[in-house]
């Protein structure tokens, strides 16, 4: 099961933030407090299912899941699933959480360290290269940035004295899949090679499970078009096939209406059926690495491996990850990729059927259009619900935990996950915890200047 | 607009719509066409946009939208423009704009709307003509 937050949740912001007012609950689930996690998993056997969470910064999810397991009376060690970590890039692409580099990195490191002992079956270290690349990065840039971040997290955890084999088996990568079938297959094959060599030779991992990384994939939303939306079903099938041939462990095919909006339940079903057709009718996953040995795929894999490693080296030679991130280099890369992609579609150097080739007049383009264009309203009631919740809770406990988060945020030592779990249980919200952490490191409580601290 | 100076356009994104790809592409396009682009970036509200439009003396307000938030913010924006008696034309562009959306927002007062696949030359031409017509006798 896949959990994706709405825009405020993805921005570590509460629904009652003035800038969240028209974005609550219609692009994902609104989660800002402990009770929301409890409601989300109500009646679901958490120790039997796996949940993948696209809920940055990940630390909240880990803290909440750990406490829910204890409350329900099972061992958190049984928890499976994943959360994304994007310490280096989340300020520069898509949703900003408005935290400085050191704080984002600390939340990521503390999450992995905590889960390594407390939730060892849980993939607390999911490198999401989809999230960073779907603005227009190419396959080489996607994986190079992913590896730069993985390498920094692994190096720093080892420096903290943590055994690499205690967390490396639970590193997973969530990759993008664009439309170039062979390039995407070669990218994933190259990724496995690079990961295995790096973990064994550079980081000294001894456990063979540390050398293989689980790879999961979402198909590119950017590859989908508003024009002739039914064509997106065909795109999904090709991408699903590419991913099956590349041997990924899990797939989510983006839905045909995704160029319009948050996908509907019906379009999700079409995506799921597409995956089932690829697997059960076409039998694309019958053997491991079915394209291995093909002249083209092998040479392309060699080329992708070389180009990814060259770019990793080029980025690392610019300075520490913190320096490169703070210099704005990544932000510029993301921005240039976006414009580069828009220009490639505009000038036709990248073919997109229905957009710059084989177009049909808009008034004739009706198949699946009405379905795709129907909208979901924001959940404005949720804003009032959260306001009432904040007014009604125990102000003393809120003040106490707010001060504690601020304090542990200011300290450089000590793991943040337990204090965050305590604060969530004391009814502090994610937005408030983010604000307290920011105050701890000398930043503004609300960088957008609209909210006051609760205590 | 004042003669002899380039067209000035404000580009902004409302709320928590954090996708900037379209805004960057359009900013580059308009700049290359000789216009002055004041890029306000993300996290805009109607108040922030109107204040900036006044301060910068722009000829056109451009809004980039890749979520539905603009639908609701547009109502607030037009109310605010009316309240302050401003007649700056508002243009909207974005990946989520369908044909029906274009009709709906043009009925609300949007001067021009550009969906995905809009022709670059047409975007420049329409914005230029809006800026040039504005304030003309």
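Computed over the stretch A:2-373, the range of Cα coordinates on each principal axis works out to 61, 49, 45 Å, biggest value leading. For the pair residue A:155 and residue A:351, label points projected 7 Å from Cα toward Cβ lie 4.3 nm apart. Per-residue shielding of B:20-29, expressed as the average number of other chain Cβ atoms within 10 Å of the residue Cβ, stands at 6. Want the number for residue A:340 to residue A:197: 0.36 nm per residue separation, take away the alpha-carbon distance, what's left? Additional length available on full extension: 48.2 nm.
Within 10 Å of the Cβ of each residue in B:71-78, the mean number of Cβ atoms contributed by other protein chains is 2.
Listed by Cβ neighbour count within 10 Å, with the fewest neighbours leading, B:92, A:312 appear as A:312, B:92. What fraction, in whole percent, of alpha-carbon pairs in the stretch A:340-455 exceed 23 Å separation? Taking all Cα-Cα pairs of the stretch A:340-455, the fraction more than 23 Å apart is 56 percent.
In plain terms, if you count all Cα to Cα distances in chain B and split them into 5 Å steps from zero, the share in each step is 2, 10, 23, 26, 23, 12, 3, 0 percent. The distance between label points at residue A:313 and residue A:286 comes to 4.1 nm (points 7 Å beyond Cα on the Cα→Cβ vector).
Using the Cβ-Cβ distance between residue A:273 and residue A:70 with R0 = 30 Å, the FRET efficiency computed as 1/(1 + (r/R0)^6) comes to roughly 0.20. Within the stretch A:384-416, find all residues whose amide N lies under 19 Å from a label point positioned 7 Å from the Cα of residue B:79 along Cα-to-beta-carbon. Backbone N within reach: A:384.
What FRET efficiency comes out for residue A:387 versus residue B:107 if R0 is 30 angstrom and r is the Cβ-Cβ distance? Round to the nearest 0.05.
Details: r = 33 Å, r/R0 = 1.10.
Calculated value: 0.35.
A straight chain from residue A:78 to residue A:375 at 0.36 nm per residue would run longer than the Cα-Cα distance by 103.0 nm. When Rg and the Kirkwood Rh are both derived from Cα coordinates, the Rg/Rh ratio for the stretch A:380-440 amounts to 1.02. Separation of the stretch A:50-113 and the stretch A:393-455, taken as the distance between their Cα centroids, equals 16 angstrom.
Would you list B:69, A:407, A:141 from fewest to most Cβ contacts within 10 Å?
A:407, A:141, B:69
A straight chain from residue A:363 to residue A:1 at 0.36 nm per residue would run longer than the Cα-Cα distance by 126.5 nm. Among A:339, A:216, sorting on how many other beta-carbon atoms sit within 10 Å of each Cβ, with the fewest leading, yields A:339, A:216. Per the Debye calculation on the stretch A:244-284 with a single equal scatterer at every Cα and no solvent contribution, log₁₀ I(q)/I(0) for q = 0.20 Å⁻¹ amounts to -0.63. As a calculated quantity, the FRET efficiency between residue B:132 and residue B:55 at R0 = 22 Å, using C-beta atoms, amounts to about 0.50.
A short reminder: the numbers here are calculations on the coordinates, not readings from a lab. None of the values given here were measured: they were computed from a predicted structure. So basically every Cβ, Gly included, is an ideal-geometry build from the backbone, and we count neighbours across all protein chains shown.
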